[in-house]
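Heads up: the structure comes next, in structure tokens.
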């Protein structure tokens, strides 16, 4: 009967052999795929089934900045009025100020 240490050593040896064979088979498969891609002039996009995206020049507009609508005169911080209110404005409104006081 084999000891636990012998069995563990055998398992480690087998796992190493399995990893080596998997690595070799993977490399062989990759080489076959690359050869076929070169033979037929295929790209990764062709393989994935995705057509290349062609965008018109007008679709590539740069994002424009939005002008600030509210400004804290004390600190110079500003807010466009979009999204969540900034902390400085929330604090001022909670203290009794009106949003119109900060309008630019």
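Before moving on, here are some points about what is shown:
- Under the simplified labelling scheme, the residue 73-residue 33 pair shows an inter-label distance of 6.6 nm, with each label point 7 Å from Cα along Cα→Cβ.
- Kirkwood-based shape ratio for the stretch 4-48, expressed as Rg/Rh from alpha carbons: 1.37
- Between residue 26 and residue 93, the modelled labels are 5.4 nm apart [label points 7 Å from Cα along Cα→Cβ].
- Order of 23, 82 - criterion: other Cβ atoms within 10 Å of each residue's Cβ, fewest first: 82, 23
- One chain, two ends: residue 18 and residue 85. Fully extended at 0.36 nm per residue, the span grows by 18.2 nm beyond their Cα-Cα distance.
- Taking the longest Cα principal axis of the chain as reference, the axis of helix 4-40 is set at about 70 degrees.
- Order by protection proxy (mean Cβ within 10 Å, highest first), peptides 34-41, 88-95: 88-95, 34-41
- Global form of the chain, assessed from the alpha-carbon gyration tensor, a/c cut-off 1.5: oblate
Every read-out reported here was derived from the displayed coordinates using simple, explicitly stated rules and does not represent laboratory data. This structure is a prediction, so every number in the text was calculated from the model and none was measured. Quick reminder, even Gly has a Cβ in these numbers, built from the backbone with ideal geometry, and neighbours come from all protein chains shown.
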